[in-house]
Amino acid sequence: METVLDLIAIAFGDETIAGQAAAELERHSDDLAIDPDAIGIVICERDGSYQLLTKRRPSATAAWSTFWGRLLELIMGGSCETQIDREFLNDVKDILAPGSSVLFFVGTPAQGQAAIDALSHYGGKSLTCSLTEGGMAELQEALDGDQAQI
């Protein structure tokens with residue numbers, strides 16, 4: 001049986017909070033069984049420009065960074081086809097106002113809920129998108145050849 005994964009976004013009304021939450025999530029990644037490379041941050045700067053932050057362990061490839069870049073393109077209204085839920089993408093886009101930030105990560109529903117609970121003291125609004133078979137194929141395509149824990 002294939003593992004079902006969720007794409008989780010936690011939106012914050014401040015451009016610095018997603019980075020703080022991501023650092024904490026990375027520190028607890030072993031306990032939560034979340035691949036630290038499966039964490040990305042989008043910051044909407046006060047001038048309306050966007051910044052994508054990812055981290056990569058020395059032994060990892062750039063595949064997760066590629067996935068996060070593609071996700072940001074989709075959120076910003078990229079015209080490429082996707083199996084990722086458009087309502088989720090539109091909700092994230094609507095939340096990304098100047099001076100805000102969003103933490104993204106991928107994990108099983110149980111991992112996602114545990115991470116949301118662990119980060120609840122930061123506040124924020126969480127959105128979850130179940131990666132359907134097509135979304136999983138998109139993720140796998142982005143990670144093609146990578147040994148990521150998905």
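Quick notes
- In this rough spin-label picture, where each label sits 7 Å from Cα along the Cβ direction, the ALA62-ASP47 distance is 2.5 nm.
- As a proxy for reagent exposure, SER126, SER101 were ordered by neighbouring Cβ count within 10 angstrom, fewest first; the result is SER126, SER101.
- Sum of side-chain charges, TYR122 neighbourhood, beta-carbon under 10 Å (Lys, Arg +1; Asp, Glu -1): -2
- Summing charges over neighbours of ILE17, with a neighbour being any other residue whose Cβ is under 13 Å away from its Cβ, gives -2 when K and R count +1 and D and E count -1.
- Stretched out straight at 0.36 nm per residue, the stretch from SER120 to ALA23 would grow longer than its current Cα-Cα span by 33.5 nm.
Each reported figure results from applying straightforward, stated rules to the coordinates on display, with no laboratory input. The shown structure was predicted, so the numbers you read here are calculated from the model rather than taken from an experiment. FYI the Cβ positions are ideal-geometry reconstructions off the backbone, even for glycines, and counts take in every protein chain you see.
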